[in-house]
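Participant: Questions regarding the structure given below will be posed in turn.
Every number here is computed from the coordinates shown, using simple stated rules; none is lab data. Quick caveat: nothing in here was measured; it's all calculated off a predicted structure. Here Cβ is always computed from backbone atoms with ideal geometry, including for glycine, and neighbour counts include all displayed protein chains.
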Amino acid sequence: MSPHDEWVARDAAVVWHGFTQMATYADNRPVVVERAEGREIIDVEGRRYLDAISSLWVTTLGHRVPELDQALRDQIDRVAHTTLLGNGNVAAIALAEALAPRVPVDDPRFLFASDGAAAVEQALKIAFQSWTNQGVTGRTTYLAFGGAYHGDSIGSLSVGDGGFGTDVFDPLRFGCLRTPGLDQPGAAEAAVALIAEQADRLAAVVVEPLVQGAAGIRTHEPEDLRAVADACRAHGVLLIADEVATGFGRTGTLFACEQAGVRPNLMVVGKGITGGYLPLAATVASGPVFHAFDGPDLSEMTLYHGHSYSGNALACAVATRHLALIDEGDVLANVRARADQLAAGLAAAVAPLPGVAEVRGLGLMAGIELAPPTDGLRWGRRVSAGCVDRGVLIRPLGDVVVTVPILTSTADEIDRIVATLADAVAEVCR
């Protein structure tokens, strides 16, 4: 048995992988990572792979970034974790102070969590209780969009649309209003009309700004997002912007809302917040939403919600240094340049290939939708496997092959990703 096969066998014997059919796990040739350097991960047999999915969209500056490594070491010498429930820690305060002038939220306050789904759940609860605390009744539902994905907790599944095995949990999901995804013709107008009609029932509108990532990198125009935000403001409905996937430079600005001039009442951030080092997320509430919870000590006005590892000091210290590095390295300029290169390369080398239905993207997020002639061909899985065989790590969403390169990727690395995708698509879909 090879070292790789031995590790896969050990893995399958004790680990349950998310979004993975474990009965066939070993058959799909998983990469077992031993270490990483820069923008490459290295498996247990020393094979290198360019990380073209940013380790599921979380890695921003690369692996083993010296400055982030040092921030982690420095914080370990102080304290790893203390509770944020009723007490503070210096690292969490410093991160909130660093983020406050950067997030497009008025008078922001940060409720930390460990992942995006948990932070979405927080936002839903905050929106609901903010109305209750003000004595407003009847605002018990949410408006969400077709193709939406906001996480896999029960609340986030409820405002999400179908897919990813959601149907089995339908008996547990609460209902919400839904209009077509904003990439569809007339969708913004439909959402605006429904907000006006149902404002008295709506606790909030929940939207993924500019890109629906898990839907297969479906993009919409900034003016459509702005129309929804304007309708929310006009009718007194809260707007929750889920920037878990799009935040921290992924679309070319620090946050996607900036491109539409939108300032949501609640914003959810995660994934890239620590540069891919440690699990951390946050729900950002505007001042007016936050102050709806002001009241006597231990009163029903309190938000009785919090997590054991909320505001973890190690994660917060790395996140603060990461935010500074984005500026110091002019990372957003590189994102914009490499995004133009990626879009042009995919349009020239991949979009014309037989079997390709559409190429979509924004910033360093791109999806290649394949059109297999019959069901069961698993083109997305096979194209991604072909990329991995060529040393580029890719993961599909059904028959949409997704690449989300690390934000510091070089021009040569973008060319390599495009060429690898073109070769793999041509091989599988011819």
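Participant: Using the number of other C-beta atoms within 10 angstrom as an exposure proxy, rank Met1, Met267 with the fewest first.
Facilitator: On the way: Met1 8, Met267 29.
Fewest to most other Cβ atoms nearby, the residues stand as Met1, Met267.
Participant: Relative contact order of the chain, please, whole-number percent, based on alpha carbon pairs below 8 angstrom and at least 6 residues apart. Walk me through the numbers before you get to the answer.
Facilitator: Working: 813 pairs, mean separation 88.1, N = 430.
Once normalised by length, the contact order is 20 percent.
Participant: Another question, then. Is there a quick way to get the dipole size of segment 68-328? I mean about its Cα centre, with the Cβ of Lys and Arg at +1 and of Asp and Glu at -1; what is the value in debye to the nearest 20? Walk me through the numbers on the way to the answer.
Facilitator: On the way: 16 positive and 29 negative charges, 49 e Å.
The dipole of segment 68-328 has a size of about 240 debye.
Participant: Please report the antiparallel percentage of DSSP beta bridges with both residues in the chain, rounded to the nearest 5. Before the final figure, lay out each step's value.
Facilitator: Working: 32 of 47 bridges.
Antiparallel bridges: around 70 percent, rounded to the nearest 5.
Participant: Give me the angle, in degrees from 0 to 90, between the Cα long axis of helix 3-14 and the longest principal axis of the Cα atoms of the chain, rounded to the nearest 10.
Facilitator: It works out to around 30 degrees.
Participant: What angle do you read, to the nearest 10 degrees and between 0 and 90, between the alpha-carbon axis of helix 187-198 and the longest principal axis of the chain?
Facilitator: 30 degrees
Participant: With a 10 Å Cβ neighbour count serving as the proxy for reagent exposure, in which order, fewest first, do Asp375, Asp242, Asp389 appear?
Facilitator: Ranked by crowding around the Cβ, least crowded first: Asp375, Asp389, Asp242.
Participant: Which one, Ala234, Ala315, Tyr142, is farthest towards the positive end of the dipole of segment 68-328 when Lys and Arg carry +1 and Asp and Glu -1 on their Cβ?
Facilitator: Farthest along the dipole direction, towards plus: Ala315.
Participant: Which of the listed residues, Pro209, Ala292, Asn28, is farthest toward the dipole's positive end in the chain, when Lys, Arg count +1 and Asp, Glu count -1 at the beta-carbon?
Facilitator: In the chain, that residue is Asn28.
Participant: What ranking do Cys232, Cys257 get, fewest neighbouring Cβ atoms within 10 angstrom at the top?
Facilitator: Neighbour counts put them in this order, fewest first: Cys232, Cys257.
Participant: Okay, moving on. Please name which of Gly18, Ala339, Ala281 has its Cα lying farthest along the dipole of the chain towards the positive end, using unit charges on Cβ (Lys, Arg +1; Asp, Glu -1) and the Cα centre as origin.
Facilitator: Checking the options against the dipole of the chain, the answer is Gly18.
Participant: Could I ask something else about it? In a Gaussian network model over the chain where Cα atoms closer than 10 Å are linked, find which of Ala12, Ala199, Ala71 has the largest mean-square fluctuation.
Facilitator: Looking only at Ala12, Ala199, Ala71, the largest GNM fluctuation is found for Ala12.
Participant: Sort out the exposed loop chymotrypsin sites (Phe, Trp or Tyr not before Pro) in the chain (DSSP loop, at most 11 other Cβ within 10 Å) and tell me the longest stretch that has none. Before the final figure, lay out each step's value.
Facilitator: Working: sites that count: Trp16, Phe19, Tyr304.
Segment 20-303 is the longest.
Participant: Tell me, rounded to the nearest percent, the portion of alpha carbon pairs in segment 68-328 spaced more than 29 Å apart.
Facilitator: Of all Cα-Cα distances in segment 68-328, 28 percent exceed 29 Å.
Participant: Ok, one more. Taking the Cβ of Leu323 as the center, what net charge do the other residues with Cβ under 12 Å away carry, scoring Lys and Arg +1 and Asp and Glu -1?
Facilitator: Counting the neighbours of Leu323, the net charge comes to -2.
Participant: GluC sites (Glu not before Pro), restricted to segment 294-373: which are DSSP loop and have at most 14 other Cβ atoms within 10 Å?
Facilitator: Glu300
Participant: Would you work out the charge dipole size for segment 345-430 about its Cα centre, treating the Cβ of every Lys and Arg as +1 and the Cβ of every Asp and Glu as -1, and quote it to the nearest 20 debye?
Facilitator: The calculation lands at about 180 debye.
Participant: Once the Cα atoms of helix 313-328 and of the chain are each reduced to a long axis, what angle between those two axes, in degrees from 0 to 90 to the nearest 10, is obtained?
Facilitator: 70 degrees
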